[in-house]
Amino acid sequence: MNTAQYVVRRVRPDDLDTLVALCGEHALYEKTSHDAAGKAEALSRALFSTPARLHAWVAEAAGELIGYASAALEFSTWQAGEFLHMDCLFVRAGRRGGGAGAALLQAVRDFAGRAGCREIQWQTPEWNVEAMRFYRRFGAVDKAKRRFFLPSASARPDQA
């Protein structure tokens, strides 16, 4: 890892606006929509509450945030133990291939180990073969499943 080009660190409150922008770029890359309204405040509550509901890291190069990873602790009934769900790992176009993604993944992996998690789980779109190749290089194994989305009983129709 070439740390002279970037540094990976935990997200700070002053990163939130850029983190929301990175989320928007990530959504665009994954061919979905993203509404930034209220996201900085919601992320702030999740990241900086005690205990934190969300953990996030950024890759920074020359003062610019070029990527991020986020994860949350979850409990597996089957394993009867905690695992880390990596929600996002994203590096901006033009910055991929320089090791920032690997360093972000390592930060997530290190956190999972410190938290006592036996494994990290995540998903990626079926069409994203580059991401699959990237994850497999680190020994990740994929299991075919479908992800479902169902609005909660309290969701407004415009949130579905």
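When the residues of the stretch 17-40 are narrowed to those that are among the β-branched types (Val, Ile, Thr) and within 24 Å of residue 123 (Cβ to Cβ), which ends up modelled with the lowest pLDDT? Give the steps one after another, and end with the answer.
Let us first name the residues in the stretch 17-40 that are among the β-branched types (Val, Ile, Thr), namely 18, 20, 32.
If we keep only those that are within 24 Å of residue 123 (Cβ to Cβ) too, we end up with 20, 32.
Details: 20: 98, 32: 91.
The extreme case among them is 32.
Please go through (1) modelled with pLDDT of 95 or more; (2) more than 14 Å from the chain's Cα centre (by Cα); (3) not charged (D, E, K, R) for residue 43 and return the number of the only condition it doesn't satisfy. Answer for residue 43: the failing condition is (2). When every residue of the stretch 132-149 is checked against the conditions, at least one turns out to be outside any helix (DSSP H, G or I), within 27 Å of residue 51 (Cβ to Cβ), at pLDDT below 90 and not aliphatic (A, V, I, L, M). Annotation: of all residues in the stretch 53-95 being over 12 Å from the mean Cα position of the chain (by Cα) and hydroxyl-bearing (Ser, Thr, Tyr), the one that is surrounded by the most Cβ atoms within 10 Å (Cβ to Cβ) is 76. Does the stretch 94-114 include one or more residues that are out of contact with any Lys or Arg (no Cβ under 8 Å at 6 or more places or on another chain), among the β-branched types (Val, Ile, Thr) and part of a strand (DSSP E or B)? For the stretch 94-114, residues out of contact with any Lys or Arg (no Cβ under 8 Å at 6 or more places or on another chain), among the β-branched types (Val, Ile, Thr) and part of a strand (DSSP E or B): absent.
Filtering the stretch 12-48 to residues that are over 15 Å from residue 91 (Cβ atoms), touching a residue at least 24 places away in the same chain (Cβ under 8 Å), surrounded by 12 or more Cβ atoms within 10 Å (Cβ to Cβ) and not charged (D, E, K, R) leaves 16, 40, 43, 44, 47, 48.
Within the option set 65, 16, being over 17 Å from residue 104 (Cβ atoms) and touching a Ser or Thr at 6+ places or on another chain (Cβ under 7 Å) holds for one residue only, 16.
If I filter the stretch 150-160 for residues that are under 25 Å from residue 77 (Cβ atoms), in contact with a Gly (Cβ under 8 Å, 6 or more places away or on another chain) and part of a loop (DSSP other than H, G, I, E, B), do I get at least one hit? Looking through the stretch 150-160, none of the residues is under 25 Å from residue 77 (Cβ atoms), in contact with a Gly (Cβ under 8 Å, 6 or more places away or on another chain) and part of a loop (DSSP other than H, G, I, E, B).
The values are calculated or read from the model by the stated rules, or taken from the named source; none is laboratory data. Predicted, not measured: the structure shown is a model, and the values here were computed from it. Note: ideal-geometry Cβ built from the backbone for every residue, glycine included; neighbour counts use all protein chains shown.
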